[in-house]
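One structure below.
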Amino acid sequence: MTLTLEKHVQIAADVARKVFTMTKGIMPMVHAISAGDQHMVMAVPQLGGSDAEKDAVAVGLRKIFKEKDVMQYVLMTEAWSLLLPPGTDIGGDLPRPRDSADRVEVITFQGEDKDRVICGQIVITRDEKGEPTLGKLETWDGGTSHGRLTGLLKTAN
């Protein structure tokens, strides 16, 4: 089953929405597709750890992607995100979202194939009792994205 990257991200968002609605949370996971059309769903160790732990996750994913000849994947996880004013220098010294009062809780998606990256998010809002509500999936071209978990296919193959 060949999926466009856009469709792959949409399916991942649909699955994440269903899991989150049932469990009120989602563990980090990857859905990857090999050149032979083998579909693999992998739980990813918690991404909220130390920088060294996050680096180890990236190394492990690159290794698996190379061994399994992965051609496309979507990574999904809950995260904090920053709301940045237009014109903010994203190359500058930004605070970590977890340390910022302007953070937003999201389910984040990163889809990648050999040619490009599509990013997305679903904003999570909570009422005064802490009950979550999920927003709509927003997606954008991730070509300018950066970080240890960006470009995993380019560095794996």
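The values are calculated or read from the model by the stated rules, or taken from the named source; none is laboratory data. Quantities reported herein were computed from a predicted structural model and do not represent experimental measurements. Neighbour counts are summed over all protein chains in view; Cβ atoms, including those assigned to glycine, are modelled from backbone coordinates with ideal geometry.
Assorted remarks:
- Residues in segment 103-115 that are at pLDDT 90 or above and more than 16 Å from Leu75 (Cβ to Cβ): Glu105 only.
- Within segment 1-23, considering residues that are hydroxyl-bearing (Ser, Thr, Tyr) and in contact (Cβ under 8 Å) with a residue 24 or more places away in the chain, the one surrounded by the most Cβ atoms within 10 Å (Cβ to Cβ): Thr21
- Boolean, Ala58 is surrounded by 12 or more Cβ atoms within 10 Å (Cβ to Cβ), within 14 Å of the chain's Cα centre (by Cα), at pLDDT below 90 and within 18 Å of Gly111 (Cα to Cα): yes
- Sole exception among (1) touching a residue at least 24 places away in the same chain (Cβ under 8 Å); (2) of a type outside the set (Gly, Ala, Ser); (3) in contact with a strand residue (DSSP E or B) (Cβ under 9 Å, 6 or more places away or on another chain) for Arg62, by number: (3)
- One residue stands out among those in segment 125-148 that are in a loop (DSSP other than H, G, I, E, B) and of a type in the set (Ser, Thr, Tyr): the one that is modelled with the lowest pLDDT, which is Thr144.
- Residues of segment 67-88 include at least one that is of a type in the set (Lys, Arg) and at pLDDT 80 or above.
- Residue count, segment 36-85 (criterion: part of a strand (DSSP E or B) and among the acidic types (Asp, Glu)): 1
- Of the residues examined, Val41 is one that is in contact with a His (Cβ under 9 Å, 6 or more places away or on another chain) and β-branched (Val, Ile, Thr).
- Listed by first and then second residue, the pairs linking a residue in segment 25-37 that is free of Cβ contacts under 8 Å to residues at least 60 places away in the same chain and on the phi < 0 side of the Ramachandran plot to a residue that is surrounded by 20 or more Cβ atoms within 10 Å (Cβ to Cβ) and of a type in the set (Gly, Ala, Ser), with Cβ atoms under 7 Å apart and 6 or more places separating them unless they lie on different chains, are His31/Ala12.
- Restricting Ile118, Ile122 to those that are at pLDDT 95 or above and surrounded by 14 or more Cβ atoms within 10 Å (Cβ to Cβ) reduces the list to Ile122.
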